[in-house]
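Coordinate-derived values only; no laboratory data. Keep in mind that this is a model prediction, so the values were computed, not measured. Counting neighbours? That spans all protein chains shown, and the Cβs are built from the backbone with ideal geometry, glycine included.
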Amino acid sequence: MALIDFHDVDELKNRNEEKVWAALEARLAADAGACRCRDCILDTAAIALNRLPPRYEVYSFHNQAAAQDEAHEAQVREAVAYAAALVANRPHHL
């Protein structure tokens, strides 16, 4: 059996995922004209996450609210804005 079969990998999370989803929700709330289709939202999240350094944690051990880092929050918002503009210019949906 593979090593992954012996460990609860669902506990391993990239903390930036939560932050990107929150920033994306805020952006969509502020931009009524933005496409809300599945493809555009997932593409935007993927592009934003790929622009950010990963912040992996093991939730069972570190499931505490991370201290608010305004510089990091700004970096997340910038990544989401960049991704949203890129997807808006070249959407993959029909």
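Shape call for the chain from the C-alpha gyration tensor, a ≥ b ≥ c root eigenvalues: rounded (a/c under 1.5), prolate (a/b greater than b/c) or oblate?
Oblate, because a/c is 1.5 or more while a/b does not exceed b/c.
So, by mean Cβ neighbours within 10 angstrom, what's the order for 27-34, 48-55, 14-21, 1-8 with the highest one leading?
Descending mean neighbour count gives 14-21, 48-55, 27-34, 1-8.
Give me a comma-separated list of calculated 3J(HN,Hα) values for the range 13-21, in order, Karplus coefficients 6.51, -1.76, 1.60 applied at θ = phi - 60°, integers in Hz, x for any Gly or Pro.
10, 8, 4, 5, 4, 4, 5, 5, 4
How large is the dipole of the chain about the Cα centre if only Lys and Arg carry +1 and Asp and Glu carry -1, each at its Cβ, rounded to the nearest 20 debye?
Numbers: 10 positive and 15 negative charges, 84 e Å.
Roughly 400 debye for the chain.
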